[in-house]
Amino acid sequence: EITSLLSLYGGQFSSEQEIRVNSPFWILNIPSEEMARGLMKRTVCAKSIFELWGHGRSAGELYASLKNYPMDKMLPYLQSDSTYKIHTHTFNKTLTQAQKIKKIDALEFLPFKGKVNLKNPEHIFWILEDYGMDPNNVPEEPFHLYFGRWVHGQRELIESYSVKKRHFIGNTSMDACLSFIMANHGKVKPNDVVYDPFVGTGGLLISSAHFGAYVCGTDIDYNTIHGLGKASRKNQKWRGPDENIRANLRQYGLEKYYLDALVSDSSRPIWRKGMLFDVIITDPPYGIREATRRTGSQKEAVKSAERSTENHIFVSSSYHLSDIFFDLLKFAAEYLVMGGRLVYWLPIYRPEYTEEIIPRHPCLKLISNCEQMLSSHTSRRLITMEKVKEFK
């Protein structure tokens, strides 16, 4: 997620950052504070971003590094008319209050001129210490220490879009946190057109619309698209008259970004030729909580039409999981703009998983493959691909 956002906002991992994927602290090079704030407004994987003033593998190294930090960059935040406070945060270790105060006092060589204000300071500084990832083997001294000025934090997105408060939901509505991660992997930006071929109750459209993209989708299930039938909520029998995707977007003030949702079978072509979508973000049905279906043959459809007075009933036959993913990749290769991204979930049986089973397409380059564990034997992988070649 962070890599995708860095390529969207400008910035990169620092040359000194050995990408210790397991470390909770990463050093990035970002050209401006404004870009850093833009990145933090979107990420759901990062908690806070700091302007790094010094770091080292020991307290001595940290202090030496701080003494080398340019004074003209520090001074604006240390003025006598300003207020500040210093936090101590340790990862994988708990310090007593006395130990924390000792660490803060050791920074007295910094030329703080302002007043301490613990409740509502203008500037907040953090001492961050990394004691590794193994809770059973915590070292005496931290592996890494960092000191910096807090710039921006972000945790409100997930809370404000929680599925619990959402107007229209289904059995498999995507968790708000994951749907924002998917939109970030897709590098969704304002005025993009984002499409979900298995749209369901439209949970994935909401995160893209939040980032200013126009959203649309299709689904084979007439009742879901039209918000009819049984409700998925506890203690509610039937869906209400205004339970649909548009109402969800209206709930968050995003209705202007809603293009439409159509009843359609994703295994059949319905779109005109020519690239249409900037991003395709989807969670295909795996047949565990949502059945996988496709429309049946014409003969079957005629028989069913004779039995039924309504014109929207069709026969649906089973749709093999592998076919779903190959159809999806072929569709993305044909209908994405160049450089557009496809983001989707792939269910995995863990004991037999190898990289080879990830579906491939000559027009699509694999960007990332992240695992979400579901049980000891099953997981699903979030696959991100980018269109790199014209479709023939």
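The values are calculated or read from the model by the stated rules, or taken from the named source; none is laboratory data. Computed from a predicted model, the values in this text were never measured in an experiment. With ideal geometry, Cβ positions are generated from the backbone for all residues, glycine too; neighbour counts draw on all protein chains shown. What goes into the accessible areas is simple: the full protein's heavy atoms, side chains included, and nothing from ligands, DNA or RNA. Shrake-Rupley method; radii C 1.70, N 1.55, O 1.52, S 1.80 Å.
Can you flag which of LYS187/LYS389; LYS189/LYS387; LYS234/LYS256; LYS234/LYS330; LYS47/LYS187; LYS119/LYS164 are past 28 Å Cα-Cα?
Table pairs above 28 Å Cα-Cα are LYS234/LYS256; LYS234/LYS330; LYS119/LYS164.
In what order, largest first, do PHE125, PHE112, PHE326, PHE91 sit by accessible area if the probe radius is 1.4 Å?
Heavy-atom accessible area, descending, gives PHE326, PHE91, PHE112, PHE125.
If you take the beta carbon distance between ARG272 and ARG233 as r and set R0 to 35 Å, what does 1/(1 + (r/R0)^6) give as a FRET efficiency, to the nearest 0.05?
Details: r = 38 Å, r/R0 = 1.09.
About 0.40, to the nearest 0.05.
What is the distance, in nm, between label points placed 7 Å from the Cα along the Cα-to-Cβ direction at SER23 and at ASP242?
5.2 nm
At a 1.4 Å probe radius, carbon and sulfur cover how many percent of the accessible area of the stretch 1-154?
53 percent
With every protein chain in place, what's the accessible area of SER48 (1.4 Å probe, Å², nearest 10)?
Approximately 40 Å² for this residue.
At a threshold of 8 angstrom on Cα-Cα distance, excluding pairs fewer than six apart, so keeping six or more, what relative contact order does the stretch 1-154 reach in percent?
It comes to 30 percent, rounded to a whole number.
Given a Förster distance of 25 Å, report the FRET efficiency between TYR353 and SER318 from their Cβ-Cβ distance, rounded to the nearest 0.05. Mind showing how you got there, number by number?
On the way: r = 24 Å, r/R0 = 0.95.
For R0 = 25 Å, the calculated efficiency reads 0.55.
Sort ASP105, ASP278, ASP72 by accessible area with a 1.4 Å probe, largest first.
Solvent-accessible surface, decreasing: ASP72, ASP105, ASP278.
Pop the C-beta distance of SER48 and SER162 into the FRET formula with R0 = 35 Å and round what comes out to the nearest 0.05.
So, using R0 = 35 Å, E works out to roughly 0.95.
Any idea what the dipole of the chain comes to, in debye rounded to 20, about its Cα centre with Lys/Arg Cβ at +1 and Asp/Glu Cβ at -1?
Dipole about the Cα centre, nearest 20: 820 debye.
Could you list which residues have their amide H under 5 Å from that of LEU364, counting only those 5 or more apart in sequence or on another chain, with H placed in the peptide plane?
VAL388
Over the chain, give the accessible area per residue in Å² for a 1.4 Å probe, as an integer.
Accessible area per residue, the chain: 54 Å².
Say a paramagnetic label sat at a point 7 Å from the Cα of GLN79, along Cα to Cβ; which residues of the stretch 31-57 have their backbone N under 20 Å from it?
Counting backbone N atoms under 20 Å from the label point, the list is 33-34, 51.
Relative to the present Cα-Cα distance, how much length would full extension add between VAL337 and HIS152 at 0.36 nm per residue of separation?
So the chain would gain 63.3 nm between VAL337 and HIS152.
Where in the stretch 59-97 does the amide nitrogen come within less than 11 Å of the point 7 Å from the Cα of TRP126, taken along Cα to Cβ?
Under 11 Å, as judged by backbone N against the label point of TRP126, lie 87-91 of the stretch 59-97.
GLU140 to ASN117: extension gain in nm, 0.36 nm per residue of separation minus the Cα-Cα distance?
On the way: separation 23, 0.36 × 23 = 8.28 nm, distance 3.11 nm.
The span from GLU140 to ASN117 would gain 5.2 nm if fully extended.
Compute a Gaussian network model of the chain, connecting alpha carbons closer than 10 Å, and tell me which residue from LEU374, LEU66, LEU346 fluctuates the most.
In this elastic network of the chain, the residue with the biggest mean-square fluctuation among LEU374, LEU66, LEU346 is LEU374.
Which far-off residues, 5 or more places away or on another chain, put their amide H under 5 Å from the one on PHE50, with H placed in the peptide plane?
Excluding prolines and chain starts, which carry no amide H, the hits are VAL151.
Hydropathy first: keep DSSP H helices in the chain averaging at least -1.0 on Kyte-Doolittle, then drop any whose Cα extent along the axis falls short of 20 Å, and list what survives.
Numbers: long enough: 321-335 (21 Å, 0.76).
Length and hydropathy pass: 321-335.
Given the Cα-Cα distance of ASN223 and ASN369 and 0.36 nm per residue of separation, how much length would full extension add, in nm?
Between ASN223 and ASN369, full extension yields an extra 49.3 nm.
At a 1.4 Å probe radius, carbon and sulfur cover how many percent of the accessible area of the stretch 351-392?
55 percent
Report which label in (1) 81, 64, 46; (2) 87, 45, 42; (3) 65, 53, 42 holds the value of Cα extents along the principal axes in Å derived from the coordinates of this structure.
So the calculated entry is the one marked (2).
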